[in-house]
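See structure below.
The values are calculated or read from the model by the stated rules, or taken from the named source; none is laboratory data. Only a predicted model underlies this, so the values are computations on that prediction, with no experimental measurement involved. Here the Cβ positions follow ideal geometry from the backbone for every residue, glycine too, while neighbour counts run over all protein chains shown. The area values use the complete protein model at the heavy-atom level, side chains included, leaving out ligands, DNA and RNA. Shrake-Rupley method; radii C 1.70, N 1.55, O 1.52, S 1.80 Å.
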Amino acid sequence: MYIGEYPKAGKFGEYGGQFVPEVLMHALKELEDAYLRFGKDEQFKEELDFYLRTFAGRPTPLYFCARLSDLLGTKLYLKREDLVHGGAHKLNNTIGQALLAKRMGKRRIIAETGAGQHGLATAIVGALFGLKAEIYMGEEDIERQRLNVFRMKLMGAEVHSVGSGSRTLKDAINEAIRDWVTNVENTHYLLGSVVGPHPYPMIVRDFQRVIGIETRSQIREAEGGLPDALVACVGGGSNSIGLFYDFLDDEDVALYGVEAGGEGISSSRHSATLYAGSKGVLHGAYSYLLQDEDGQILPTHSIAPGLDYSGVGPEHAFLKDMGRVTYDIVTDKEALQAFELLCKYEGILPALESAHALAYVARLVEVEEIGSDDVVVVCLSGRGDKDVEIIERALHEQNT
Amino acid sequence: MSRIRDTFLELERSGECAFIAYIMAGDPDPSLTPPIVQAIAQYADIIELGIPFSDPIADGKTIQAASERALKAGMTPDKIFELIAAIRKETDIPIVVMSYYNPILHFGIERFMKRLSEGGGDGIIIPDLPIEEADDVVRYAKENGIDTIFLIAPTTPEERIEQICAYSSGFVYLVSLLGVTGARETISGVVRTLIKSVVEKRPDIPPAVGFGVSKPKHVREIVKSGAKGVIVGSAIVELIAEHKDKPEVMISALEEFCAALKAATRDR
């Protein structure tokens, strides 16, 4: 575990901050204090490393896709976060935060979830550490990610269906915040992405940095140097910041964050917050978001529930303005094609979220941003078992 | 001079506590907001007018539903200023606007305060804006003669209470419980401690108590605890929702309920 840069006054440039009800200000301070204290504590680090190694299955492999590289015309590596226990990178963060919660004396953890991967990862640590876990999930997501709902329940978590607003991730976060406001004294809000008020974007980033740190040494071993490009999908932005963070100072490494283009920007059915959004405050942070002309938050769409969110982490907003990371979009259709490609050429079933990142590699080759000698690492943030129903339906629609 | 401050001074002289009534602007329809305000203003001392927001994280189910109804009915910040101006023609009652931060930020803080002031509004409450982020809001509000009302919660540490009071004008809003807005059966005991702390530190800023207050009985309890104002929201919004299709019935139900709440503020 490594503590990254501390955002002064909770801000990354102008982004971030703490826009929350007064009730929560004390809890955020308490969390920040606990993190700064235990983050440097040797015993905490050892315990975290122990669980990451023996329970989560870290380090995850960096896999060279021989057949797909041939087909695409580049050297493609996958950082296999889909092999983390639970099937996604989310567990890196939930183990860390659960250990913090325990040290803060909180016996109850709550979480929001979109795709269900963070909900599942929270349910897992609830069982692992004997904490009561309650998960908020939008009605629409409960319907399209049933497998994960069932898994969470098997691990003893309570799943609350959220029927307000757009009935997806945004509304699940609203409900989780309302719960936290009410039960702040005994409850830790285990936020699953680099969003929300300070210190969450910092804490979640630091717990996900392990992705980039491992990638760095693995690619050095495999290729004898740094990669030419890193590609990751961006919903809230936790797997991408985890992969990018330790390469930010390496100017020769191009960084690409891929947002969900849904049915296209002109359709307004998308989740392209950084690509097509504007600045504002949502869920406690100042960042880019999708809003209408009155500052009301817009509903979003993506075939990938984990990307279906109208906000994005404040550090990404900062990296966008700095020009250090290029943020672009991939449509539902392109993501589906990439999904099928990885299944057929490499025998790997990626999450629809991660399929967005993969699809973008094909685009980069097409526009000659990367060539046949270039080394590209894609963060395969999760596995796609959870998505088979959506995919079956989508492929059926495509073929009829 | 501040209308809000004058109101509190006047009530102090007559030994009453201020009854602050919250409604959501544009719920169930913008055309009904002026008559609803008029009905309530016969009994209330201050009107709190909510601006609907798509993601009201500090509100319980009742006000969330009101927010959705108002948005569906086409409520926008521009229309709120028109409504306030229309209300202002009929009554002198102080009007405090409660809005989440993003609609204000998007409208432009300076422009928002200017329009609020021109329409005849008196104060602003932003439930998701802590003092750390509030410098621009306080500056532009002050420039336009708008009072800034900040919230103090049961979890707010002692030294922070003083800082929040320093950012506040008109009154301070004491959150009576850990939780979101919504009618409750009982009022928590922490209120008394919060009131005492504010009164000791800043005798010049009246503390008003809200969240969960829904019955004349609660109002009497809060008055006895030494508060200078009591805020009732969800219970009023529930009445509006219940009778949303029968405006006449709604108005008389509101009159009856608000009369009882106001009467309770006189029981010292």
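Go ahead and run the numbers for FRET between A:ARG53 and A:ARG103, Cβ-Cβ distance against an R0 of 25 Å, rounding to 0.05.
0.80
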Check: Residues of the protein assembly as shown: accessible area per residue at 1.4 Å, in Å²?
Finding: 36
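Given a 1.4 Å probe and every protein chain left where it sits, what share in percent of the accessible area of chain A is carbon and sulfur?
Values: 6720 of 13950 Å².
The value for chain A is 48 percent carbon and sulfur by accessible area.
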Next item on the list: List, in order, the whole-Hz ³J(HN,Hα) value for each residue of region B:79-94 obtained from phi through the Karplus relation with A = 6.51, B = -1.76, C = 1.60 and θ = phi - 60°; use x for Gly and Pro.
Entry: 5, 4, 5, 4, 4, 4, 4, 5, 5, 4, 5, 9, 8, 9, 4, x
Next item on the list: Pairs to check: A:LYS8/A:LYS45; A:LYS279/B:LYS244; A:LYS29/B:LYS72. Give those whose C-alpha atoms are more than 26 Å from each other in this structure.
Entry: A:LYS279/B:LYS244; A:LYS29/B:LYS72
Margin query: Quick check: convex hull over the Cα atoms of the protein assembly as shown, volume per residue in Å³, rounded to an integer?
Written below: 148
Notebook entry, point to check: Where a Cα-Cα gap under 13 Å defines reach, which aspartates and glutamates qualify for B:LYS217, not counting those fewer than 8 residues away within the same chain?
Noted result: B:GLU185, B:ASP267
Notebook entry, point to check: Residues of region B:86-121 losing 50 Å² or more of accessible area relative to the isolated chain, 1.4 Å probe, heavy atoms only?
Noted result: B:ASN102, B:HIS106
Margin query: Using only DSSP helix segments of four residues or longer, with each worth -39500 (n - 2.57), what per-residue ellipticity at 222 nm results for the protein assembly as shown after dividing by its residue count and rounding to 500?
Written below: -14000 deg cm²/dmol
Item checked: Between B and A, accessible area buried - total, square angstrom, nearest 100, 1.4 angstrom probe -> 2800
Note to self: Can you compute 3J(HN,Hα) from phi for each residue in region A:71-85, using the Karplus curve 6.51 cos²θ - 1.76 cosθ + 1.60 with θ = phi - 60°, rounded to whole Hz and x for Gly and Pro?
What the structure shows: 5, 7, x, 7, 9, 9, 10, 10, 7, 7, 5, 5, 8, 5, 3
Check: Using a ≥ b ≥ c from the Cα gyration tensor of region B:123-227 (square roots of the eigenvalues), is it rounded, prolate or oblate, where a/c under 1.5 gives rounded and otherwise the larger of a/b and b/c decides, a/b for prolate?
Finding: prolate
Check: On the accessible surface of region B:3-264, probed at 1.4 Å, how many percent belong to carbon and sulfur atoms?
Finding: 50
Next item on the list: For chain A, just run the numbers: alpha carbon Rg, then divide by 2.2 N^0.38 Å, N being how many residues it has.
Entry: 0.90
Check: What shape does region B:62-183 have by the C-alpha gyration tensor, where a ≥ b ≥ c are the square roots of the eigenvalues, rounded means a/c under 1.5, and otherwise prolate means a/b greater than b/c and oblate the rest?
Finding: oblate
Next item on the list: Would you mind computing, in nm to one decimal, how far apart the modelled labels at A:GLN43 and A:ILE213 are, each placed 7 Å from Cα along Cα→Cβ?
Entry: 2.0
Notebook entry, point to check: What whole-number value in cubic angstrom gives the convex hull volume per residue for the C-alpha atoms of region B:3-264?
Noted result: 109
Next item on the list: Quick one: go through region B:15-40 and flag any residue whose amide nitrogen is under 14 Å from the point 7 Å out along the Cα-to-Cβ line of B:GLU255.
Entry: B:35-40
Next item on the list: Enumerate the amide H contacts of A:ALA285 below 5 Å, restricted to partners 5 or more residues apart or on another chain; note that Pro and chain-start residues carry no placed amide H.
Entry: A:PHE19, A:GLY196
Margin query: If amide hydrogens are placed 1.01 Å from N in the peptide plane, which non-local residues have theirs closer than 5 Å to the one on B:GLY50?
Written below: B:ILE23, B:MET24, B:ALA25, B:MET98
Note to self: Looking at chain B as a GNM with Cα springs under 10 Å, which of B:GLY179, B:GLY50, B:GLY119 has the largest mean-square fluctuation?
What the structure shows: B:GLY179
Check: Non-local amide H neighbours of B:ALA18 (under 5 Å, H modeled in plane, Pro and chain starts lacking H): which ones?
Finding: B:GLY229, B:VAL230
Notebook entry, point to check: Hey, rough spin-label estimate for A:ASP385 and A:GLU293, points 7 angstrom out along Cα→Cβ, what's it come to in nanometres?
Noted result: 4.9
Next item on the list: With a 1.4 Å probe on protein heavy atoms only, tell me which residues of region A:149-185 lose at least 10 Å² of accessible surface in the complex relative to the chain by itself.
Entry: A:SER164, A:GLY165, A:LYS170, A:ASN174, A:GLU175, A:ILE177, A:ARG178, A:VAL181, A:THR182, A:VAL184, A:GLU185
Item checked: Spacing of the two label points (7 Å from each Cα toward its C-beta) at B:GLU185 and B:VAL199, in nm -> 2.9
Notebook entry, point to check: Looking at region A:6-40, which residues lose a minimum of 10 Å² of accessible area between their chain alone and all protein chains in place, measuring with a 1.4 Å probe and not counting ligands or nucleic acids?
Noted result: A:LYS11, A:GLN18, A:PHE19, A:VAL20, A:PRO21, A:GLU22, A:VAL23, A:MET25, A:HIS26
Item checked: Using θ = phi - 60° and Karplus 6.51 cos²θ - 1.76 cosθ + 1.60, couplings along region A:190-203 (whole Hz; Gly, Pro as x) -> 8, 5, x, 9, 7, 10, x, x, 4, x, 4, x, 6, 5
